[in-house]
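Scroll down for the structure; my scribbles are underneath it.
The values are calculated or read from the model by the stated rules, or taken from the named source; none is laboratory data. Here the structure is a predicted model, which is why all the values come from computation and not from measurement. Note: ideal-geometry Cβ built from the backbone for every residue, glycine included; neighbour counts use all protein chains shown.
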Amino acid sequence: MSISSSGKKYRLSITDIVPQFIKKLPEKIPGLLFGGIPALLIKDKDRQSIGRILEYNAIRHKNKPAIFFEDKTWTHAEFNEITNQYAHFLYKQGVRENDIVIVYLENRPEVLFSVAALAKLGAVASLINSNQRSNVLLHSINQKNDGFFIVGEELLNAFEEVKSAIQSPSKQHFFILKDHSNKSIPEGYEDMSSAVQRFSKLNVIGANQVKAGTPFAYIFTSGTTGMPKASIQTHRKWISCMYWFGMVNLNLNSKDVIYVSIPFYHSNALLIAWSSSAASGAALAVRRKFSVSEFWKDAIKYKATAFIYIGDICRYLFNAPPSKLDKAHTIKKIIGNGLRPDIWKQFKDRFNISDVYEFYASSEGNMTFTNTLNLDNTVGWCATKFEIIEYDREKAEPILDRKGFFKKVKWGNEGLMIFEISEQYPFPGYISKEENEQKVFRNVFKNGDMWYNTGDIMRNIGFLHTQFVDREGDTFRWKGENVATAEVEEVINKFPDVETCTVYGVQIPNTDGKAGMAAIQLKPKTKLNWQQFESYLLTELPHYAVPIFIRFVDKFEYTSTCKIIKKELKQESFEIENTPIWVKRNKHEHYTLLSDKIRQEIRQKGV
């Protein structure tokens, strides 16, 4: 195949596409023709919703497993019944259509029960990242809520720290979902786990009137700058994912099991894995937190046939010592994003994976690339109208032609990915209009047109296929999460010893994404208190946003608009000589001075 694993310039050829197209077409036809049957049974297409799909599965796949978690199993009928109990309870508490309810739990089935119940009511689950703490947590909660809070017992302490500063437009209601504990419920909270059991298991009257365009969830993304932003997820988007990923690409059936070790506040789990299982009555095997040592054991235990991934999951599995479990499982298909080209083929061979359905999408965007033909080292193709434009990465701006319009890259070259915004291709965006406007280019190829700026550098490899190259702007990808540099900078700058700082991502060999690095200018005659500083970062930031590397500078260089110049700092990375750099390789280690030995270990094994 003409796609190399080096990531260098290349393009697809007819001899790559045609054989795979002929091979894959027969197995894709059933999904294309019949994948939308549950939705087609609903005569009013504007009334397609998550609730109706769950109710359909409760009849069609009544006694078949829907969810595996630890040592428990829920059938499709039970999933729907518990969802109904949650919905009746929440309605009794005052939750109505369009209300925004905070859902803050670790990854367990109660997240799905809550989201599905709110979806039946036409309400919105604001899914807060369970790693968020302090000001970041408060910011996410205060973006928008209507005074209803579903909190997992395991996160109660973190929630209590910000509770008094939460802003709501109406009276506040706090509900706790128990988690393997016999502790008493704190004052001011209601035990939702016990209360829901007193409510009816019958379907919610009016659930079938929820419109497809209605939001059912907010997923928080770092965006390109600043604190987390809430992106809007609609019933229509979930159902589209159900059809496209579940039936056409994965082509699952009711005997399949998708293993999910990604949290449901992540779009891969919520939109792709959940909808794909619902498409054919397949089951979800849910794990609270990803574990390398337990991954294949779980896969064997639950008889999983597929799993959802982000790049880091594949890297961790690949870097683990070989084991007899590597091929003892029944997983043949995987779907996700971020599988590195340099391990792609070896990963498939080692773990006996036949199909890799890599995709490229964004929580707030209006497009999806999918590797439908199971080609190697590509995010696949896209039916939505897109272009890759020439882009000046130093100036962080598109390159214009003589008429002032954007220029398209040639086949085989890389540039900035953009997507057309129109009635046919609407832009869901964020809940903030200002943040939406920052993602839009206007007058791109002609006067009056609008295009969504993905902020990602992609390579055009031909036949509507692309390859991911890098992320542009003020975010970088680490541990499967978008890290907003402005968010981390704001936290560091508030520490008493710090004059100012800048944060950026640096590339590390054999590692997905970029590791966070902070360059810090201390206040005059000040010495950093490392113990207090590290404790402060761990308290104020999600673990994935805590910088891996820290260095100190006497002063920064600035642009004419008073922005710190990061280009040279990024190039110096952690390899700069004669400059002390501190490193924190994992959450169990403290910051330590980067020695030649540690630097060599990072070069060889990554972080």
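I'd like to check something: does segment 214-226 contain any residue that is in a helix (DSSP H, G or I) and either under 22 Å from Leu121 (Cβ atoms) or modelled with pLDDT of 95 or more (or both)?
Checked against the condition, which is being in a helix (DSSP H, G or I) and either under 22 Å from Leu121 (Cβ atoms) or modelled with pLDDT of 95 or more (or both), segment 214-226 yields no hits at all.
When segment 493-521 is filtered for residues that are over 18 Å from the mean Cα position of the chain (by Cα), under 22 Å from Gln571 (Cα atoms) and aliphatic (A, V, I, L, M), the ones remaining, listed by number, are Val503, Val506, Ile508, Met517, Ala518, Ala519, Ile520. Report yes if Phe264 is under 15 Å from the mean Cα position of the chain (by Cα) and without any contact (Cβ under 8 Å) to a residue 40 or more places away in the chain, otherwise no. The answer is no for Phe264. Answer yes if at least one residue in segment 486-494 is among the acidic types (Asp, Glu), over 24 Å from Asp312 (Cβ atoms), buried (at least 17 other Cβ atoms within 10 Å of the Cβ) and in the same structural domain as Glu575 (by TED's automatic domain parsing), and no otherwise. For segment 486-494, residues among the acidic types (Asp, Glu), over 24 Å from Asp312 (Cβ atoms), buried (at least 17 other Cβ atoms within 10 Å of the Cβ) and in the same structural domain as Glu575 (by TED's automatic domain parsing): present.
This table checks each residue for (1) surrounded by fewer than 22 Cβ atoms within 10 Å (Cβ to Cβ); (2) in a loop (DSSP other than H, G, I, E, B).
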position: Cys314; (1), (2): no, no
position: Phe318; (1), (2): yes, no
position: Ile353; (1), (2): yes, yes
position: Tyr360; (1), (2): no, no
position: Thr378; (1), (2): no, yes
position: Lys403; (1), (2): yes, yes
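Just checking, which of Ala212, Ala230 is over 28 Å from Phe290 (Cβ atoms) and either without any contact (Cβ under 8 Å) to a residue 60 or more places away in the chain or surrounded by 16 or more Cβ atoms within 10 Å (Cβ to Cβ) (or both)? Exactly one residue qualifies, and that residue is Ala212. May I ask you to verify whether Phe79 is crowded, with 20+ Cβ neighbours inside 10 Å, free of Cβ contacts under 8 Å to residues at least 60 places away in the same chain and in contact with a Ser or Thr (Cβ under 9 Å, 6 or more places away or on another chain)? So Phe79 fails the test.
Output the residue which, of all residues in segment 266-288 that are assigned to a loop (DSSP other than H, G, I, E, B) and modelled with pLDDT of 95 or more, is farthest from Cys241 (Cα to Cα). Looking at residues that are assigned to a loop (DSSP other than H, G, I, E, B) and modelled with pLDDT of 95 or more, I get Arg288. Residue under question is Ile239, and the condition is that it be surrounded by 23 or more Cβ atoms within 10 Å (Cβ to Cβ) and among the β-branched types (Val, Ile, Thr); does it hold? Here the answer is yes, as Ile239 does meet what is asked. Tallying residues that are farther than 18 Å from Lys605 by Cβ and not hydrophobic (A, V, I, L, M, F, W, C) within segment 501-515 yields 3.
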